[in-house]
Amino acid sequence: MKEIIEKTVQLIETHLKGKQLIVLLSFLVGVFTALAALVLKNLIDLIEHILTQGFDITHINWLYLVYPSIGVLLSALFIRFIVKDDIGHGVTKILFAISRQQGKIKKHNCWSSVIASSITIGFGGSVGAESPIVLTGSAIGSSLGRIFRVDQKTLFLLIGCGAAGAIAGIFKAPFAGLLFTLEVLMLDLTMAHLVPLLVSCVTASILTFAIRGFDSMFVFRSVVEFKISYVLPVIILGVLCGLISLYFTKVTEAIESIFRKIKGLYLKWLIGGAILSTLVFLFPILYGEGYSTIHDLLSGKSEELLNNSPFYGTRMLLVVLGCIIVFKAVATTVTTSAGGCGGLFAPSLFLGCISGFLFASLWNMWGLISPIPTTISCLLGMAAVMAAVMHAPLTSIFLIAEISGGYDLLVPLMLVAVISYITINIFERHSIYSMRLAKKGELVTHHKDQAILTLMTLDSVIDKYCMRLAPNMTLGQMVHLIAKEKDNIFAVVDGAGTLRGIINLRNIRKVLFRQELYGVFTAEQLMEDAPDIININAPMTHVMDSFDKFGVEVLPVVDNNSHFVGIIHKTALFEAYRQMLVDFSEE
């Protein structure tokens with residue numbers, strides 16, 4: 001099989017070069033990603049159908065206390081003992097691969113996320129399938145790029161094609177797929193790169209249309225035109241959704257922080273599974289992705305949201321929906337933190353739809369100005385929450401328009417998305433995907449200088465073969481060793497490899513040429529503290545800041561155990577920076 005692949009690659013490379021090869025690869029990425037998305041959706045639907053068929057909607061079902069926990073446990077065991085790698089936070093892993101791993105995504109991500117997320121969601125985990133399939137698509141792009149030995153910039157482009165194709169395929173939304181890559185993955189792409197991205201999006205969409213039909217994901221028919229009197233409630237809805245998204249983001253961050261401190265797979269599962277199952281039992285609409293709930297609200301079947309719940313037959317719908325807004329973040333985060341696999345696309349759409357419906361119901365109930373249709377408010381809420389949670393207003397606008405066919409609502413969608421995005425930006429600058437990397441300085445952004453520094457690796461600019469001086473070395477021995485060296489600064493390292501200090505020849509000039517002192521002074525007596533010591537895991541922005549702050553030409557580098565690794569020359573750093581800037585500026 002390996003020989004066949006190698007011969008096929010050689011044949012293709014012989015006949016196709018440059019842009020032609022990239023277009024072919026982007027087409028293949030679109031095909032494979034769409035097929036992966038179809039497999040994932042069908043697996044989720046099959047598992048959920050098998051488990052929940054025949055449930056009596058008028059009564060509570062105790063199996064809701066069992067299914068979600070089993071799904072999380074099965075997923076966790078699959079990841080721990082079969083995959084043997086962390087596959088959570090799909091989009092965050094893509095961003096990390098771009099910024100710190102030169103675009104290399106592990107091959108198992110081409111299939112592992114599909115299996116793990118289908119088990120998690122099919123059994124009732126309150127997460128979405130989109131982030132796992134985005135990671136799958138990007139892994140397919142990364143793998144194809146490495147098979148054909150493309151350069152790093154093209155590899156990044158193929159990763160973007162995989163992500164774009166995944167969104168286009170799973171949502172039947174090619175525009176949203178394209179915009180997602182530009183907004184969320186923040187790749188600094190030029191107009192020349194739009195063609196491969198479009199090829200992947202269109203290919204994935206057409207293949208999905210051919211298999212699943214041309215119908216929109218949600219059927220929406222506006223019975224009334226959008227009126228100018230709706231502008232005020234839309235603005236208020238945007239602000240509220242921005243605040244709800246901020247709450248969702250902060251709760252997610254807090255719960256993840258708590259679970260990181262819990263040691264042991266089974267303890268995490270026991271705690272997270274218990275919380276998740278309890279929430280799903282009390283509020284069955286938290287089961288799975290939640291798209292059936294969105295469909296019911298857009299179809300005017302809100303009474304069905306209380307099916308199978310302890311509140312069936314009561315008039316507590318609005319109270320229950322208020323509780324859902326509070327607990328959705330908890331259900332989603334404990335699902336992934338306890339060992340499950342899933343993403344935040346579906347939860348943000350679900351939460352937005354619930355928020356929009358609840359807002360419109362209360363607004364119309366209190367008779368404030370002109371009533372706003374709940375279906376319109378649901379769609380606007382979906383766009384607003386997604387725009388804020390993901391910091392991707394354009395993606396949310398076109399995604400909602402494409403999955404609902406609500407293109408006549410583009411103007412209000414733009415308004416509510418922008419308001420929500422501005423609201424959350426006041427409190428949180430980064431999306432829920434990127435905040436983890438931003439705190440470590442590992443996030444690639446559209447700011448080219450910042451992006452280049454993030455993409456650069458410290459290891460590539462370290463001089464690991466520089467001269468090392470022992471602490472007990474005499475001045476005479478030092479002079480003999482460094483006589484032919486061009487550097488003026490040398491590291492003093494003890495027998496254990498620990499950095500003790502540095503010798504700056506400029507600062508010991510008075511004794512350097514006095515031969516009568518060659519046997520008097522040792523390196524330990526002449527050394528001084530380095531102005532700054534760089535940890536090998538430090539971001540390049542910190543290294544640049546250190547050079548600027550201390551005005552030096554050389555800085556030592558140590559590992560996490562304070563063992564000396566090498567030195568960084570300022571000139572070498574700037575040369576590497578300029579070269580990478582040139583490489584990423586070429587068409």
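The values are calculated or read from the model by the stated rules, or taken from the named source; none is laboratory data. Keep in mind the model is a prediction, meaning the values are calculated, not measured. Please note: Cβ atoms are built from the backbone with ideal geometry, for glycine as well, and neighbour counts cover all protein chains shown. What goes into the accessible areas is simple: the full protein's heavy atoms, side chains included, and nothing from ligands, DNA or RNA. Shrake-Rupley method; radii C 1.70, N 1.55, O 1.52, S 1.80 Å.
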Q: For V565, enumerate residues with amide H under 5 Å from its amide H, sequence gap 5+ or separate chain, H modeled in the peptide plane.
A: V557, V558, D559
(Q) Ignoring everything except DSSP H segments at least 4 long, calculate the 222 nm mean residue ellipticity for the chain; use -39,500 (n - 2.57) per segment, divide by total residues, nearest 500. (A) -19500 deg cm²/dmol
(Q) I'm checking a number: the convex hull volume of the Cα atoms of segment 179-316, normalised per residue, in Å³. What is it? (A) 243 Å³
(Q) With both bridge residues required to lie in the chain, what share of the DSSP beta bridges run antiparallel, to the nearest 5%? (A) 80 percent
Q. According to a simple spin-label model (label point 7 Å from Cα along Cα-to-Cβ), what is the distance in nm between S460 and V511?
A. 4.1 nm
Q: Go through segment 560-570 residue by residue and turn each phi into a ³J(HN,Hα) via Karplus (6.51, -1.76, 1.60, θ = phi - 60°); whole Hz please, and just put x for glycine and proline.
A: 5, 9, 6, 7, 5, 10, x, 10, 10, 8, 4
**Q.** Anchor K17: aspartates and glutamates whose Cα lies under 16 Å away (excluding residues fewer than 8 positions away in-chain)
**A.** D151, E587
Q) What is the extension gain from T314 to F81, computed as 0.36 nm multiplied by their sequence separation minus the C-alpha to C-alpha distance, in nm to one decimal? A) 79.3 nm
Q) Using a probe of 1.4 angstrom, how much of the accessible area of the chain is carbon and sulfur, in percent? A) 62 percent
Q) Which listed residue (G165, F148, G177) has the Cα farthest towards the positive end of the charge dipole for segment 39-186, taking +1 on Lys and Arg C-beta and -1 on Asp and Glu C-beta about the Cα centre? A) F148
Q. Calculated FRET efficiency, H59 and L194, Cβ-Cβ r, R0 60 Å, to nearest 0.05?
A. 0.65
**Q.** Accessible solvent surface per residue of segment 104-200, calculated while the other protein chains remain in place, 1.4 angstrom probe, Å²
**A.** 25 Å²
Q. So between K17 and H49, what do we pick up on full extension, going 0.36 nm a residue minus the alpha carbon distance?
A. 6.8 nm
Q. How long is the gain from F209 to H295 if the chain were fully straight, where each residue apart is worth 0.36 nm and the alpha carbon distance is subtracted?
A. 29.0 nm
(Q) Exceeding 24 Å between C-alpha atoms, which entries from my cross-link table qualify? They are K107/K153; K486/K510; K549/K570; K84/K153. (A) K84/K153
**Q.** Under the Karplus curve 6.51 cos²θ - 1.76 cosθ + 1.60, θ = phi - 60°, whole-Hz ³J(HN,Hα) for segment 263-278, x wherever Gly or Pro sits
**A.** 9, x, 4, 6, 5, 4, 5, 4, 6, x, x, 5, 5, 4, 4, 5
